[in-house]
Amino acid sequence: MEDGGEGRGSSGIRGPASFTVEEWRGSSSSKLTRTAVITAGSSSLSLRRSGSRWGELRRKIVEAFIPEGFPDSVTSDYLPFQIWDSLQGLSTYIRSMLSTQALLSAIGVGEKSATVLGATFQWFLRDFTGMLGGILFTFYQGSNLDSHAKMWRLVADFMNDIGMLMDLISPLWPSALIAIVCLGSLSRSFTGVASGATRAALTQHFSLENNAADISAKEGSQETVATMVGMALGMLLAQVTRGRRLVIWLSFLSLTVFHMFANYMAVRCLSLTTLNDERSWLLLKHFMKTGEVLSPQQVSAMEHVFPIWASLWSSAPEFLHKRVRLGIRVSSLSHSDAMELQSLSSSHYRREKYLLLERKGWIRVVMHRRSTPGDVLQSFVHGLVVARLANESKALHAESCQWMSRYYPVFISKLQSLGWSTERLLSHSIIWRADWVVDSSGDKLE
């Protein structure tokens, strides 16, 4: 009886008459496309694909140029930036054909009097100057490129324009050929360093799903296409304008103007969420007036991208952030400054990892040797508050410390709620720090 029971139980289990499976494609659950439907029966299997082969081919081609999961895997400013960046790159490659043609003519390519050794020596000096210039530029400005990515992006392309201009004018002054060629190579070396560093910073900004490598690879594909099209158009333009110097210059200058316009529009599209000195000041100034913070898009429309403005008008109120000096060298302080720091360290800044010293509206910040990136950001904001109150308060440090203890946590919380990155301040490298001891109490500030 038991065996029969088992047999009836086994024979009673039957599978479904048919089984259907849908195939979907996409890197995000909210952006999926059905590609196929598979139906399996007891004696048959059917496959029905969605879309055409041409659609599949088009999709594969597009995926070679855009990041996986686009647009959800990148920030909203990625697409407009890449459009303008590709246009400026196209302009660069078209002009490079004109400038290279002029440079080769200046060196003596095609002339019987020119020697291989002479051309090789000139080319060696050109490359050597560029390499040396790149090293020196990295030494002096390498740590400052992240904090002002927009500005250095414009500077890089402007220096590239200068380099191309030097190549184009090289045939006009044969006696100064080596100096002109080396100057052009020096300009382009600045471009290589600044452009590479800012591109790395922008790639990290665009990445929303830890896909910086994918974004960088696809950007390389886009640049390759722009290079190929630009070189083809450049060769055509060089052929059409050959021997017509006025047309060459008009074409070059027109493309250069468009190149700088496209670069300006590209950096204006960016809405960076990191905090540098200017963005921190714009946010703090608005917060002190209204109690609210601005969004990255609002700040992007307000911040400056041309370095000459800040250098000429750094004393203006809108450039108050230029008056805060982070990480000063304590051995450069006078005796009166040191005595004031001693008083401040045992009173207003007893629990802080920094000290602030105000002189004629300029704020100098001494960082503790154990200060964290968060302490650096707090010290800079505190320095901005002191600079803001410098002409309004006599008890400057007392009022600024009171403001910081009351409003700074609220300020940071509101920044985070709007997507700002508050982990650190993008600034120059702070290489000078200090450790201080207050003799009156014997307490060492940790």
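The values are calculated or read from the model by the stated rules, or taken from the named source; none is laboratory data. As the structure is a prediction and not an experimental result, all values here were calculated from the model. Neighbour counts are summed over all protein chains in view; Cβ atoms, including those assigned to glycine, are modelled from backbone coordinates with ideal geometry.
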Subject >> Selection within the stretch 284-312 - more than 28 Å from MET404 (Cβ to Cβ) and crowded, with 16+ Cβ neighbours inside 10 Å >> reply: VAL305
Original post:
Within the set of pairs 6+ apart or on separate chains, which have a first residue in the stretch 86-101 that is in contact (Cβ under 8 Å) with a residue 40 or more places away in the chain and assigned to a helix (DSSP H, G or I), a second that is buried (at least 20 other Cβ atoms within 10 Å of the Cβ) and aromatic (Phe, Trp, Tyr), and C-beta atoms under 8 Å apart?
Top reply: ARG95/PHE252; LEU98/PHE252; SER99/PHE252
Original post:
What's the number of the condition SER371 fails, among (1) among the hydroxyl-bearing types (Ser, Thr, Tyr); (2) assigned to a helix (DSSP H, G or I); (3) closer than 20 Å to SER280 by Cα?
Top reply: (2)
**OP:** Assess whether ALA200 counts as being at pLDDT 90 or above, part of a helix (DSSP H, G or I) and out of contact with any strand residue (DSSP E or B) (no Cβ under 8 Å at 6 or more places or on another chain).
**Re:** no
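In the stretch 107-134, which residues are at pLDDT below 75 and either of a type in the set (A, V, I, L, M, F, W, C) or within 27 Å of the chain's Cα centre (by Cα) (or both)? Working first, answer last.
Taking the stretch 107-134 as the starting set, the residues that turn out to be at pLDDT below 75 are 107-119.
Across the stretch 107-134, the qualifying residues are ILE107, VAL109, ALA114, VAL116, LEU117, ALA119.
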**OP:** Check ARG268 against each of (1) charged (D, E, K, R); (2) in a helix (DSSP H, G or I); (3) in contact (Cβ under 8 Å) with a residue 60 or more places away in the chain and name the one condition it does not meet.
**Re:** (3)
Original post:
Inside the stretch 41-98, can you point out the residues that are modelled with pLDDT under 90 and either aliphatic (A, V, I, L, M) or touching a Pro at 6+ places or on another chain (Cβ under 7 Å) (or both)?
Top reply: LEU45, LEU47, LEU57, ILE61, VAL62, ALA64, ILE66, SER73, MET97, LEU98
Subject >> Pair list, Cβ under 9 Å, 6 or more apart: the stretch 292-304 residue within 16 Å of SER413 (Cβ to Cβ) and not assigned by TED's automatic domain parsing to the domain that holds TYR264, other residue in a loop (DSSP other than H, G, I, E, B) and among the small types (Gly, Ala, Ser) >> reply: SER295/SER271; SER295/GLY419
Subject >> Hits in the stretch 271-283 - residues which are surrounded by 23 or more Cβ atoms within 10 Å (Cβ to Cβ) and assigned to a loop (DSSP other than H, G, I, E, B) >> reply: none
Original post:
VAL324 passes all but one of (1) surrounded by fewer than 17 Cβ atoms within 10 Å (Cβ to Cβ); (2) touching an Asp or Glu at 6+ places or on another chain (Cβ under 8 Å); which number fails?
Top reply: (1)
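Based on this model, can you work out whether TRP403 counts as among the hydrophobic types (A, V, I, L, M, F, W, C), assigned to a helix (DSSP H, G or I) and in contact (Cβ under 8 Å) with a residue 12 or more places away in the chain?
Details: among the hydrophobic types (A, V, I, L, M, F, W, C): yes; assigned to a helix (DSSP H, G or I): yes; in contact (Cβ under 8 Å) with a residue 12 or more places away in the chain: yes.
Spelling it out, TRP403 is indeed among the hydrophobic types (A, V, I, L, M, F, W, C), assigned to a helix (DSSP H, G or I) and in contact (Cβ under 8 Å) with a residue 12 or more places away in the chain.
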